[in-house]
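Note sheet for the following structure.
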Amino acid sequence: MELATADISRAPVASTPELPPGPDWSLLKSTQRWWRRPLQTLDQCHVRYGDMFTYRMAHEGTWVFLSDPEAIKQVFTGDPRLLHAGEANIALLPVLGEHSVLLLDEPAHMKERKLMLPSFHGKRMQAYREVMAQVAADEIDRWPTDRPVRMRPRMQAMTLEIILRAVFGVDEGERLSRLRDELRRTLNLLANPKRAIFMVLLGPERLRRFGPFRRNLERVDRVLFEEIAARRGAADLAERDDILSLLLQARHEDGAPMSDEELRDELMTLLVAGHETTATALSWAVELLARHPAELDRLETEVAAGEDAYLDAVIKETLRLRPVIALVLRKLVEPMEIGGRLLPAGVRVAPSIYLVHRNPEIYPEPERFRPERFIEQPAGTYTWIPFGGGVRRCLGASFAEFEMAVVLRELVARRRLRHVGEPEHSVRSTITNVPNRGAEVLASPR
Ligand code: HEM
(Lines give C-alpha, C1' and ligand atoms only; values in the text may rest on other atoms or scores of the structure.)
Protein backbone atom coordinates (compact mmCIF):
# COMPACT_ATOMS: atom_id res chain seq x y z
CA MET A 1 0.00 0.00 0.00
CA GLU A 2 2.73 2.45 -0.95
CA LEU A 3 1.72 5.67 -2.68
CA ALA A 4 2.55 5.40 -6.36
CA THR A 5 3.67 9.00 -6.87
CA ALA A 6 5.30 11.59 -4.69
CA ASP A 7 6.54 14.73 -6.39
CA ILE A 8 7.04 16.81 -3.27
CA SER A 9 10.75 17.27 -3.92
CA ARG A 10 10.34 18.77 -7.43
CA ALA A 11 10.30 22.38 -6.24
CA PRO A 12 13.72 23.90 -5.44
CA VAL A 13 14.55 23.66 -1.76
CA ALA A 14 15.10 27.03 -0.01
CA SER A 15 18.67 27.43 1.20
CA THR A 16 17.73 29.03 4.53
CA PRO A 17 15.94 26.73 6.96
CA GLU A 18 12.26 27.53 7.42
CA LEU A 19 9.28 26.02 9.19
CA PRO A 20 6.09 25.01 7.38
CA PRO A 21 2.90 26.90 8.32
CA GLY A 22 0.89 25.88 11.36
CA PRO A 23 -1.61 27.26 13.87
CA ASP A 24 -0.66 30.61 15.41
CA TRP A 25 -2.22 29.74 18.78
CA SER A 26 -0.54 30.77 22.02
CA LEU A 27 1.84 28.23 23.53
CA LEU A 28 -0.67 27.55 26.30
CA LYS A 29 -3.54 26.95 23.88
CA SER A 30 -1.61 24.66 21.55
CA THR A 31 -0.16 22.65 24.46
CA GLN A 32 -3.56 22.25 26.13
CA ARG A 33 -5.25 21.22 22.91
CA TRP A 34 -2.60 18.63 22.26
CA TRP A 35 -2.91 17.11 25.73
CA ARG A 36 -6.71 17.18 25.70
CA ARG A 37 -7.60 16.22 22.13
CA PRO A 38 -4.53 15.08 20.19
CA LEU A 39 -6.26 13.24 17.35
CA GLN A 40 -8.86 15.93 16.65
CA THR A 41 -6.06 18.50 16.69
CA LEU A 42 -4.10 16.48 14.14
CA ASP A 43 -7.18 16.20 11.90
CA GLN A 44 -7.89 19.92 12.11
CA CYS A 45 -4.34 20.97 11.35
CA HIS A 46 -4.09 18.46 8.50
CA VAL A 47 -7.24 19.83 6.84
CA ARG A 48 -5.97 23.39 7.20
CA TYR A 49 -2.24 23.03 6.49
CA GLY A 50 -1.80 19.74 4.62
CA ASP A 51 0.85 17.03 4.95
CA MET A 52 3.43 19.09 6.82
CA PHE A 53 2.73 21.58 9.58
CA THR A 54 4.43 23.21 12.56
CA TYR A 55 3.09 22.81 16.08
CA ARG A 56 4.50 24.43 19.22
CA MET A 57 4.54 22.61 22.55
CA ALA A 58 5.51 23.97 25.97
CA HIS A 59 8.65 22.22 27.33
CA GLU A 60 8.94 20.23 24.11
CA GLY A 61 9.81 22.96 21.61
CA THR A 62 8.75 23.00 17.98
CA TRP A 63 7.28 19.92 16.31
CA VAL A 64 6.87 19.48 12.57
CA PHE A 65 4.22 16.87 11.78
CA LEU A 66 4.62 14.79 8.63
CA SER A 67 2.05 12.58 6.95
CA ASP A 68 3.37 12.14 3.42
CA PRO A 69 4.87 8.61 3.10
CA GLU A 70 7.85 9.90 1.08
CA ALA A 71 8.74 12.43 3.79
CA ILE A 72 8.26 9.74 6.46
CA LYS A 73 10.58 7.47 4.47
CA GLN A 74 13.23 10.22 4.51
CA VAL A 75 13.00 10.33 8.30
CA PHE A 76 13.05 6.56 8.81
CA THR A 77 15.95 5.99 6.42
CA GLY A 78 17.85 9.20 7.33
CA ASP A 79 21.22 9.31 9.07
CA PRO A 80 20.60 8.45 12.75
CA ARG A 81 23.41 10.83 13.74
CA LEU A 82 21.21 13.70 12.53
CA LEU A 83 17.86 12.37 13.74
CA HIS A 84 17.85 11.80 17.48
CA ALA A 85 14.97 9.72 18.81
CA GLY A 86 16.46 9.11 22.25
CA GLU A 87 16.85 12.80 22.97
CA ALA A 88 13.24 13.35 21.92
CA ASN A 89 12.04 10.89 24.62
CA ILE A 90 14.14 12.34 27.43
CA ALA A 91 11.14 12.90 29.72
CA LEU A 92 11.22 9.14 30.47
CA LEU A 93 14.83 9.19 31.69
CA PRO A 94 14.12 9.14 35.46
CA VAL A 95 12.03 5.95 35.12
CA LEU A 96 13.86 4.09 32.35
CA GLY A 97 17.42 5.05 33.26
CA GLU A 98 20.37 6.25 31.24
CA HIS A 99 21.14 2.89 29.57
CA SER A 100 17.65 2.49 28.09
CA VAL A 101 17.72 1.67 24.37
CA LEU A 102 14.72 3.98 23.97
CA LEU A 103 16.72 6.98 25.22
CA LEU A 104 20.13 6.45 23.63
CA ASP A 105 21.26 7.89 20.30
CA GLU A 106 23.99 7.38 17.72
CA PRO A 107 26.59 4.57 18.28
CA ALA A 108 25.50 3.97 21.90
CA HIS A 109 21.97 3.26 20.66
CA MET A 110 23.07 0.93 17.87
CA LYS A 111 25.35 -0.96 20.26
CA GLU A 112 22.51 -1.58 22.71
CA ARG A 113 19.95 -2.32 19.98
CA LYS A 114 22.26 -4.86 18.30
CA LEU A 115 22.64 -6.66 21.59
CA MET A 116 18.90 -6.87 22.16
CA LEU A 117 17.62 -7.55 18.63
CA PRO A 118 18.32 -11.31 18.50
CA SER A 119 16.17 -11.89 21.59
CA PHE A 120 13.19 -10.30 19.82
CA HIS A 121 13.60 -11.95 16.44
CA GLY A 122 10.28 -13.10 14.95
CA LYS A 123 11.47 -16.72 14.71
CA ARG A 124 12.06 -16.88 18.46
CA MET A 125 8.48 -15.99 19.38
CA GLN A 126 7.22 -19.59 19.20
CA ALA A 127 9.04 -20.14 22.50
CA TYR A 128 6.43 -17.93 24.20
CA ARG A 129 3.31 -19.42 22.63
CA GLU A 130 2.53 -21.76 25.49
CA VAL A 131 3.05 -19.31 28.35
CA MET A 132 1.09 -16.58 26.54
CA ALA A 133 -1.81 -18.95 25.77
CA GLN A 134 -1.89 -20.17 29.39
CA VAL A 135 -1.94 -16.65 30.84
CA ALA A 136 -4.66 -15.63 28.34
CA ALA A 137 -6.83 -18.68 29.03
CA ASP A 138 -6.57 -18.23 32.84
CA GLU A 139 -7.45 -14.56 32.58
CA ILE A 140 -10.36 -15.02 30.14
CA ASP A 141 -11.85 -17.77 32.32
CA ARG A 142 -12.07 -15.27 35.19
CA TRP A 143 -14.17 -12.75 33.23
CA PRO A 144 -17.87 -12.42 34.10
CA THR A 145 -20.17 -14.17 31.66
CA ASP A 146 -23.46 -12.36 32.34
CA ARG A 147 -22.56 -8.65 32.42
CA PRO A 148 -20.39 -6.27 30.42
CA VAL A 149 -16.68 -6.36 31.10
CA ARG A 150 -14.20 -3.56 30.39
CA MET A 151 -11.38 -5.00 28.36
CA ARG A 152 -8.66 -2.48 29.13
CA PRO A 153 -7.95 -3.35 32.78
CA ARG A 154 -8.29 -7.06 31.93
CA MET A 155 -5.85 -6.75 29.04
CA GLN A 156 -3.46 -4.73 31.21
CA ALA A 157 -3.42 -7.54 33.76
CA MET A 158 -2.85 -10.05 30.98
CA THR A 159 0.00 -8.21 29.24
CA LEU A 160 1.73 -7.50 32.58
CA GLU A 161 1.58 -11.20 33.44
CA ILE A 162 2.94 -12.13 30.01
CA ILE A 163 5.85 -9.70 30.36
CA LEU A 164 6.63 -10.99 33.87
CA ARG A 165 6.82 -14.55 32.59
CA ALA A 166 8.16 -14.27 29.03
CA VAL A 167 10.44 -11.23 29.43
CA PHE A 168 11.43 -11.29 33.12
CA GLY A 169 11.16 -15.09 33.29
CA VAL A 170 9.55 -15.15 36.74
CA ASP A 171 7.30 -18.09 37.62
CA GLU A 172 4.72 -18.61 40.35
CA GLY A 173 5.35 -17.74 43.98
CA GLU A 174 6.20 -14.96 46.34
CA ARG A 175 8.81 -13.40 44.07
CA LEU A 176 6.32 -13.08 41.22
CA SER A 177 3.74 -11.35 43.39
CA ARG A 178 6.30 -8.93 44.88
CA LEU A 179 7.59 -8.03 41.47
CA ARG A 180 4.05 -7.70 40.12
CA ASP A 181 3.05 -5.35 42.96
CA GLU A 182 6.12 -3.16 42.64
CA LEU A 183 5.92 -2.91 38.87
CA ARG A 184 2.23 -2.13 38.97
CA ARG A 185 2.90 0.71 41.38
CA THR A 186 5.51 2.16 39.01
CA LEU A 187 3.25 1.76 35.98
CA ASN A 188 0.45 3.55 37.82
CA LEU A 189 2.77 6.53 38.23
CA LEU A 190 3.00 6.80 34.46
CA ALA A 191 -0.59 5.87 33.64
CA ASN A 192 -2.15 8.95 35.17
CA PRO A 193 -2.06 11.77 32.58
CA LYS A 194 -2.10 14.49 35.28
CA ARG A 195 0.96 12.97 36.93
CA ALA A 196 2.60 12.58 33.55
CA ILE A 197 2.13 16.29 32.81
CA PHE A 198 3.61 17.04 36.24
CA MET A 199 6.62 14.86 35.37
CA VAL A 200 7.15 16.67 32.06
CA LEU A 201 6.85 20.07 33.72
CA LEU A 202 9.26 19.16 36.49
CA GLY A 203 11.85 17.93 33.98
CA PRO A 204 14.01 14.79 34.31
CA GLU A 205 16.62 16.21 36.69
CA ARG A 206 14.24 17.65 39.30
CA LEU A 207 11.95 14.64 39.01
CA ARG A 208 14.81 12.31 39.82
CA ARG A 209 15.40 14.18 43.08
CA PHE A 210 11.68 14.42 43.98
CA GLY A 211 11.25 12.41 47.23
CA PRO A 212 8.08 10.34 46.68
CA PHE A 213 9.16 9.51 43.14
CA ARG A 214 12.68 8.55 44.20
CA ARG A 215 11.47 6.32 47.03
CA ASN A 216 9.07 4.50 44.75
CA LEU A 217 11.80 3.83 42.24
CA GLU A 218 14.23 2.64 44.92
CA ARG A 219 11.70 0.01 46.00
CA VAL A 220 11.13 -1.32 42.52
CA ASP A 221 14.86 -1.25 41.75
CA ARG A 222 15.62 -3.33 44.82
CA VAL A 223 13.33 -6.10 43.55
CA LEU A 224 14.70 -5.86 40.02
CA PHE A 225 18.33 -6.07 41.13
CA GLU A 226 17.48 -9.08 43.33
CA GLU A 227 15.90 -10.80 40.35
CA ILE A 228 18.91 -10.05 38.12
CA ALA A 229 21.35 -11.37 40.76
CA ALA A 230 19.33 -14.55 41.26
CA ARG A 231 19.15 -15.18 37.52
CA ARG A 232 22.88 -14.58 37.02
CA GLY A 233 23.52 -17.42 39.43
CA ALA A 234 20.79 -19.75 38.08
CA ALA A 235 22.12 -23.23 37.27
CA ASP A 236 19.80 -23.55 34.26
CA LEU A 237 20.58 -20.12 32.77
CA ALA A 238 21.84 -21.54 29.45
CA GLU A 239 18.64 -23.56 28.90
CA ARG A 240 16.19 -20.77 29.69
CA ASP A 241 14.46 -18.81 26.95
CA ASP A 242 13.00 -15.78 28.77
CA ILE A 243 14.39 -12.46 27.52
CA LEU A 244 16.24 -11.61 30.78
CA SER A 245 18.15 -14.91 30.61
CA LEU A 246 19.02 -14.27 26.95
CA LEU A 247 20.22 -10.75 27.73
CA LEU A 248 22.35 -12.10 30.59
CA GLN A 249 24.10 -14.35 28.07
CA ALA A 250 24.44 -11.69 25.35
CA ARG A 251 27.81 -10.04 24.79
CA HIS A 252 28.75 -6.59 23.47
CA GLU A 253 31.15 -6.47 20.51
CA ASP A 254 34.12 -6.20 22.92
CA GLY A 255 32.95 -9.37 24.69
CA ALA A 256 31.60 -7.56 27.78
CA PRO A 257 28.32 -8.75 29.34
CA MET A 258 25.55 -6.33 30.21
CA SER A 259 25.96 -4.70 33.63
CA ASP A 260 23.27 -4.98 36.30
CA GLU A 261 22.34 -1.32 35.74
CA GLU A 262 22.05 -1.87 32.01
CA LEU A 263 19.82 -4.91 32.56
CA ARG A 264 17.66 -3.04 35.05
CA ASP A 265 17.16 -0.16 32.61
CA GLU A 266 16.28 -2.46 29.72
CA LEU A 267 13.83 -4.50 31.81
CA MET A 268 12.08 -1.29 32.82
CA THR A 269 12.10 -0.13 29.20
CA LEU A 270 10.55 -3.36 27.94
CA LEU A 271 7.90 -3.17 30.63
CA VAL A 272 6.97 0.46 29.98
CA ALA A 273 7.17 0.15 26.18
CA GLY A 274 5.44 -3.21 25.95
CA HIS A 275 2.73 -3.42 28.58
CA GLU A 276 0.24 -0.59 28.09
CA THR A 277 0.76 -0.51 24.31
CA THR A 278 -0.15 -4.16 23.74
CA ALA A 279 -3.03 -4.02 26.24
CA THR A 280 -4.48 -1.01 24.41
CA ALA A 281 -4.11 -2.65 20.99
CA LEU A 282 -5.87 -5.78 22.26
CA SER A 283 -8.68 -3.73 23.80
CA TRP A 284 -9.27 -1.96 20.48
CA ALA A 285 -9.23 -5.28 18.61
CA VAL A 286 -11.99 -6.62 20.86
CA GLU A 287 -14.00 -3.39 20.66
CA LEU A 288 -13.87 -3.41 16.86
CA LEU A 289 -14.61 -7.12 16.50
CA ALA A 290 -17.60 -6.92 18.85
CA ARG A 291 -19.05 -4.21 16.57
CA HIS A 292 -18.43 -6.07 13.33
CA PRO A 293 -20.25 -9.44 13.54
CA ALA A 294 -19.42 -10.49 9.94
CA GLU A 295 -15.69 -9.93 10.53
CA LEU A 296 -15.94 -11.66 13.91
CA ASP A 297 -17.69 -14.67 12.31
CA ARG A 298 -14.99 -14.98 9.70
CA LEU A 299 -12.28 -14.76 12.34
CA GLU A 300 -13.93 -17.46 14.46
CA THR A 301 -14.30 -19.77 11.46
CA GLU A 302 -10.72 -19.30 10.30
CA VAL A 303 -9.22 -19.65 13.75
CA ALA A 304 -11.23 -22.85 14.32
CA ALA A 305 -9.79 -24.16 11.02
CA GLY A 306 -6.26 -23.34 12.17
CA GLU A 307 -5.83 -20.53 9.58
CA ASP A 308 -3.82 -17.46 10.59
CA ALA A 309 -4.10 -15.10 7.57
CA TYR A 310 -7.33 -13.39 8.60
CA LEU A 311 -6.24 -13.14 12.23
CA ASP A 312 -3.09 -11.38 11.07
CA ALA A 313 -5.20 -9.02 8.91
CA VAL A 314 -7.48 -8.22 11.90
CA ILE A 315 -4.40 -7.28 13.95
CA LYS A 316 -2.96 -5.14 11.13
CA GLU A 317 -6.29 -3.37 10.56
CA THR A 318 -6.78 -2.72 14.29
CA LEU A 319 -3.32 -1.13 14.52
CA ARG A 320 -4.06 0.92 11.38
CA LEU A 321 -7.47 2.24 12.38
CA ARG A 322 -6.75 2.66 16.09
CA PRO A 323 -3.00 3.22 16.33
CA VAL A 324 -1.98 3.04 19.96
CA ILE A 325 0.62 5.78 19.52
CA ALA A 326 -0.20 8.71 17.23
CA LEU A 327 3.33 9.79 16.28
CA VAL A 328 7.03 9.16 16.66
CA LEU A 329 9.64 11.86 17.24
CA ARG A 330 13.13 12.65 15.96
CA LYS A 331 15.08 15.74 16.98
CA LEU A 332 17.09 17.31 14.13
CA VAL A 333 20.75 17.76 15.05
CA GLU A 334 21.43 19.82 11.89
CA PRO A 335 19.20 21.53 9.32
CA MET A 336 17.76 18.83 7.07
CA GLU A 337 15.74 18.70 3.87
CA ILE A 338 12.54 16.81 4.43
CA GLY A 339 9.52 16.80 2.11
CA GLY A 340 11.04 19.47 -0.10
CA ARG A 341 11.72 21.90 2.72
CA LEU A 342 14.93 22.66 4.62
CA LEU A 343 13.97 22.36 8.29
CA PRO A 344 16.01 24.09 11.03
CA ALA A 345 18.19 22.25 13.55
CA GLY A 346 16.57 21.68 16.96
CA VAL A 347 13.01 21.01 15.75
CA ARG A 348 11.40 17.63 16.36
CA VAL A 349 10.01 16.02 13.26
CA ALA A 350 6.97 13.90 13.99
CA PRO A 351 5.89 11.30 11.42
CA SER A 352 2.20 11.00 12.21
CA ILE A 353 1.11 7.39 12.41
CA TYR A 354 -2.49 8.48 12.85
CA LEU A 355 -2.63 10.73 9.77
CA VAL A 356 -0.83 8.41 7.36
CA HIS A 357 -3.13 5.55 8.41
CA ARG A 358 -6.13 7.67 7.47
CA ASN A 359 -5.01 8.78 4.03
CA PRO A 360 -7.86 7.78 1.64
CA GLU A 361 -5.43 7.48 -1.29
CA ILE A 362 -3.66 4.69 0.56
CA TYR A 363 -6.64 3.28 2.46
CA PRO A 364 -9.96 3.77 0.64
CA GLU A 365 -12.78 4.38 3.14
CA PRO A 366 -10.19 4.90 5.86
CA GLU A 367 -12.74 5.04 8.71
CA ARG A 368 -14.04 1.54 7.93
CA PHE A 369 -12.79 -1.53 9.80
CA ARG A 370 -11.98 -3.80 6.87
CA PRO A 371 -9.28 -6.40 7.65
CA GLU A 372 -9.52 -7.74 4.08
CA ARG A 373 -7.50 -4.77 2.85
CA PHE A 374 -4.39 -6.41 4.31
CA ILE A 375 -5.19 -9.69 2.55
CA GLU A 376 -5.62 -7.88 -0.78
CA GLN A 377 -2.34 -5.96 -0.35
CA PRO A 378 0.52 -6.31 2.11
CA ALA A 379 1.21 -3.54 4.62
CA GLY A 380 3.65 -0.92 3.26
CA THR A 381 6.85 -0.06 5.11
CA TYR A 382 6.09 3.69 5.12
CA THR A 383 2.28 3.58 5.01
CA TRP A 384 1.58 1.10 7.83
CA ILE A 385 3.71 2.37 10.70
CA PRO A 386 2.13 1.56 14.10
CA PHE A 387 5.59 0.48 15.28
CA GLY A 388 7.49 3.47 13.85
CA GLY A 389 10.38 2.70 11.53
CA GLY A 390 14.04 2.53 10.53
CA VAL A 391 16.72 1.91 13.14
CA ARG A 392 14.25 2.92 15.88
CA ARG A 393 11.42 0.62 14.81
CA CYS A 394 9.79 -0.98 17.84
CA LEU A 395 12.02 -3.79 19.13
CA GLY A 396 8.98 -5.64 20.42
CA ALA A 397 6.88 -5.51 17.21
CA SER A 398 7.07 -9.28 16.55
CA PHE A 399 6.49 -9.96 20.23
CA ALA A 400 3.40 -7.70 20.27
CA GLU A 401 1.86 -9.07 17.07
CA PHE A 402 2.52 -12.65 18.19
CA GLU A 403 1.03 -11.95 21.62
CA MET A 404 -2.05 -10.32 20.10
CA ALA A 405 -2.56 -13.35 17.86
CA VAL A 406 -2.24 -15.83 20.74
CA VAL A 407 -4.63 -13.85 22.97
CA LEU A 408 -7.25 -13.30 20.26
CA ARG A 409 -7.13 -17.00 19.31
CA GLU A 410 -7.84 -17.99 22.93
CA LEU A 411 -10.53 -15.35 23.24
CA VAL A 412 -12.63 -16.23 20.19
CA ALA A 413 -12.34 -19.92 21.00
CA ARG A 414 -13.71 -19.35 24.52
CA ARG A 415 -16.13 -16.44 24.34
CA ARG A 416 -18.73 -14.97 22.02
CA LEU A 417 -18.31 -11.18 21.86
CA ARG A 418 -21.14 -8.68 21.66
CA HIS A 419 -20.96 -4.91 21.71
CA VAL A 420 -22.51 -2.69 24.39
CA GLY A 421 -23.65 0.92 23.85
CA GLU A 422 -22.29 3.43 21.37
CA PRO A 423 -19.03 2.88 19.44
CA GLU A 424 -16.10 4.03 21.53
CA HIS A 425 -13.77 6.80 20.52
CA SER A 426 -10.12 7.43 21.23
CA VAL A 427 -9.09 9.39 24.30
CA ARG A 428 -5.64 10.15 25.52
CA SER A 429 -4.02 8.20 28.35
CA THR A 430 -0.50 9.60 28.86
CA ILE A 431 1.08 8.32 25.63
CA THR A 432 -1.44 5.85 24.27
CA ASN A 433 -4.83 6.48 22.67
CA VAL A 434 -7.37 4.30 24.43
CA PRO A 435 -11.10 3.49 24.04
CA ASN A 436 -13.14 6.03 26.05
CA ARG A 437 -15.08 3.41 28.07
CA GLY A 438 -12.19 0.97 28.24
CA ALA A 439 -13.66 -1.26 25.47
CA GLU A 440 -16.77 -2.51 27.18
CA VAL A 441 -18.17 -5.77 25.74
CA LEU A 442 -20.29 -8.75 26.64
CA ALA A 443 -18.20 -11.89 26.52
CA SER A 444 -20.57 -14.83 26.94
CA PRO A 445 -19.33 -18.41 27.01
CA ARG A 446 -19.37 -20.41 23.77
C1 HEM B 1 0.99 -3.04 20.03
C2 HEM B 1 2.04 -2.89 20.81
C3 HEM B 1 3.16 -1.91 20.56
C4 HEM B 1 3.17 -0.74 19.86
C5 HEM B 1 2.02 -0.10 19.09
C6 HEM B 1 4.52 -0.20 19.94
C7 HEM B 1 4.94 0.97 19.32
C8 HEM B 1 6.22 1.47 19.39
C9 HEM B 1 6.65 2.68 18.72
C10 HEM B 1 5.76 3.59 17.88
C11 HEM B 1 7.97 2.85 19.00
C12 HEM B 1 8.86 4.01 18.54
C13 HEM B 1 9.38 3.68 17.16
C14 HEM B 1 10.10 4.81 16.45
O15 HEM B 1 10.50 5.79 17.10
O16 HEM B 1 10.23 4.74 15.21
C17 HEM B 1 8.39 1.74 19.84
C18 HEM B 1 9.68 1.56 20.31
C19 HEM B 1 10.05 0.53 21.14
N20 HEM B 1 9.25 -0.51 21.58
FE21 HEM B 1 7.31 -0.83 21.07
N22 HEM B 1 5.28 -1.02 20.72
C23 HEM B 1 4.51 -2.09 21.11
C24 HEM B 1 4.91 -3.16 21.88
C25 HEM B 1 6.17 -3.36 22.38
C26 HEM B 1 6.60 -4.50 23.14
C27 HEM B 1 5.71 -5.71 23.48
C28 HEM B 1 7.91 -4.30 23.49
C29 HEM B 1 8.84 -5.19 24.28
C30 HEM B 1 8.49 -6.22 25.00
C31 HEM B 1 8.31 -3.02 22.92
C32 HEM B 1 9.58 -2.47 23.04
C33 HEM B 1 10.00 -1.32 22.39
C34 HEM B 1 11.36 -0.79 22.48
C35 HEM B 1 12.51 -1.39 23.29
C36 HEM B 1 11.39 0.36 21.69
C37 HEM B 1 12.60 1.28 21.45
C38 HEM B 1 13.35 0.89 20.17
C39 HEM B 1 14.55 1.77 19.86
O40 HEM B 1 14.54 2.95 20.25
O41 HEM B 1 15.50 1.27 19.22
N42 HEM B 1 7.23 -2.48 22.26
N43 HEM B 1 7.30 0.92 20.05
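The values are calculated or read from the model by the stated rules, or taken from the named source; none is laboratory data. This structure is a prediction, so every number in the text was calculated from the model and none was measured. Cβ atoms come from the backbone with ideal geometry, glycine included; neighbour counts cover every protein chain shown.
Of all residues in the stretch 307-336, those that are among the polar types (S, T, N, Q) have Cβ atoms under 7 Å from Cβ atoms of residues that are part of a helix (DSSP H, G or I), 6 or more apart or on another chain, in 318/281; 318/284; 318/285; 318/288. Flag set for residue 321, criterion: closer than 19 Å to residue 382 by Cα, over 12 Å from the mean Cα position of the chain (by Cα), modelled with pLDDT of 95 or more and not aromatic (Phe, Trp, Tyr). Whether any residue in the stretch 138-147 is in contact with a helix residue (DSSP H, G or I) (Cβ under 7 Å, 6 or more places away or on another chain), within 11 Å of the ligand (Cβ to nearest atom) and among the aliphatic types (A, V, I, L, M) is what I want to check. Checked against the condition, which is being in contact with a helix residue (DSSP H, G or I) (Cβ under 7 Å, 6 or more places away or on another chain), within 11 Å of the ligand (Cβ to nearest atom) and among the aliphatic types (A, V, I, L, M), the stretch 138-147 yields no hits at all.
Within this structure, residue 246 passes the test of being within 16 Å of the ligand (Cβ to nearest atom) and closer than 27 Å to residue 86 by Cβ. Looking across the stretch 220-233, the residues that are more than 11 Å from residue 261 (Cα to Cα) and surrounded by 14 or more Cβ atoms within 10 Å (Cβ to Cβ) come down to 220, 223, 227, 231, 232.
Taken over the stretch 266-307, residues that are within 11 Å of the ligand (Cβ to nearest atom) and among the charged types (D, E, K, R) amount to 2.
Yes/no matrix, rows are residues, columns are (1) part of a helix (DSSP H, G or I); (2) touching a helix residue (DSSP H, G or I) at 6+ places or on another chain (Cβ under 6 Å); (3) over 24 Å from residue 199 (Cβ atoms); (4) touching a residue at least 60 places away in the same chain (Cβ under 8 Å):
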site	(1), (2), (3), (4)
88	yes, no, no, yes
98	no, no, no, yes
123	yes, no, yes, no
130	yes, no, yes, no
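Return yes when residue 355 is away from the ligand (no atom under 16 Å from the Cβ), closer than 23 Å to residue 78 by Cα, surrounded by 15 or more Cβ atoms within 10 Å (Cβ to Cβ) and modelled with pLDDT of 95 or more and no when it is not. Answer is no for this residue.
Take residue 118 and decide whether it is over 28 Å from residue 217 (Cβ atoms) and surrounded by 15 or more Cβ atoms within 10 Å (Cβ to Cβ). Answer is no for this residue.
If the condition is being small (Gly, Ala, Ser) and either surrounded by fewer than 17 Cβ atoms within 10 Å (Cβ to Cβ) or over 17 Å from residue 264 (Cβ atoms) (or both), then the stretch 90-114 contributes 91, 108.
Of the residues making up the stretch 309-325, those that are over 22 Å from residue 443 (Cβ atoms) and surrounded by fewer than 22 Cβ atoms within 10 Å (Cβ to Cβ) are 309, 312, 316, 325. The single condition from (1) part of a helix (DSSP H, G or I); (2) surrounded by 20 or more Cβ atoms within 10 Å (Cβ to Cβ); (3) not β-branched (Val, Ile, Thr) that residue 302 fails is (2).
For the stretch 389-415, taking the residues that are surrounded by fewer than 20 Cβ atoms within 10 Å (Cβ to Cβ) and basic (Lys, Arg), the one that is farthest from the ligand (Cβ to nearest atom) is identified as 414.
State whether the residues of the stretch 54-68 include one that is farther than 16 Å from residue 327 by Cβ and in a helix (DSSP H, G or I).
Initially, the stretch 54-68 is screened for residues farther than 16 Å from residue 327 by Cβ, giving 58-59.
Those still in the list that are in a helix (DSSP H, G or I) too: none.
So far as the stretch 54-68 goes, no, none of its residues is farther than 16 Å from residue 327 by Cβ and in a helix (DSSP H, G or I).
When you check residue 178 against the structure, is it surrounded by 15 or more Cβ atoms within 10 Å (Cβ to Cβ), in a helix (DSSP H, G or I) and in contact (Cβ under 8 Å) with a residue 60 or more places away in the chain, yes or no? Against the criterion (surrounded by 15 or more Cβ atoms within 10 Å (Cβ to Cβ), in a helix (DSSP H, G or I) and in contact (Cβ under 8 Å) with a residue 60 or more places away in the chain), residue 178 does not qualify. The lone criterion from (1) within 12 Å of the ligand (Cβ to nearest atom); (2) at pLDDT 95 or above; (3) surrounded by 19 or more Cβ atoms within 10 Å (Cβ to Cβ) left unmet by residue 71 is number (1). Taking residues in the stretch 373-393 that are at pLDDT below 95, and partners anywhere that are within 12 Å of the ligand (Cβ to nearest atom), not one pair has Cβ atoms closer than 7 Å while being at least 6 places apart or on different chains.
Would it be correct to say that residue 19 is modelled with pLDDT of 70 or more and not in a loop (DSSP other than H, G, I, E, B)? No: the conditions fail for residue 19.
Anything in the stretch 222-243 that is within 16 Å of the ligand (Cβ to nearest atom) and not in a helix (DSSP H, G or I)? List them, or say none. Give the steps one after another, and end with the answer.
Applying the first criterion (within 16 Å of the ligand (Cβ to nearest atom)) to the stretch 222-243 yields 224, 241-243.
Passing the criteria: 241, 242.
Of the residues 189, 115, which single one is within 16 Å of the ligand (Cβ to nearest atom), hydrophobic (A, V, I, L, M, F, W, C) and either outside any helix (DSSP H, G or I) or in contact (Cβ under 8 Å) with a residue 24 or more places away in the chain (or both)? Result: 115 is the single residue among 189, 115 that is within 16 Å of the ligand (Cβ to nearest atom), hydrophobic (A, V, I, L, M, F, W, C) and either outside any helix (DSSP H, G or I) or in contact (Cβ under 8 Å) with a residue 24 or more places away in the chain (or both). Could you say whether any residue in the stretch 222-232 is β-branched (Val, Ile, Thr) and modelled with pLDDT under 80? No, because not a single residue in the stretch 222-232 is β-branched (Val, Ile, Thr) and modelled with pLDDT under 80. Does the stretch 188-210 contain at least one residue that is loosely packed, with under 13 Cβ neighbours inside 10 Å and within 22 Å of the chain's Cα centre (by Cα)? Yes: the stretch 188-210 contains one or more residues that are loosely packed, with under 13 Cβ neighbours inside 10 Å and within 22 Å of the chain's Cα centre (by Cα).
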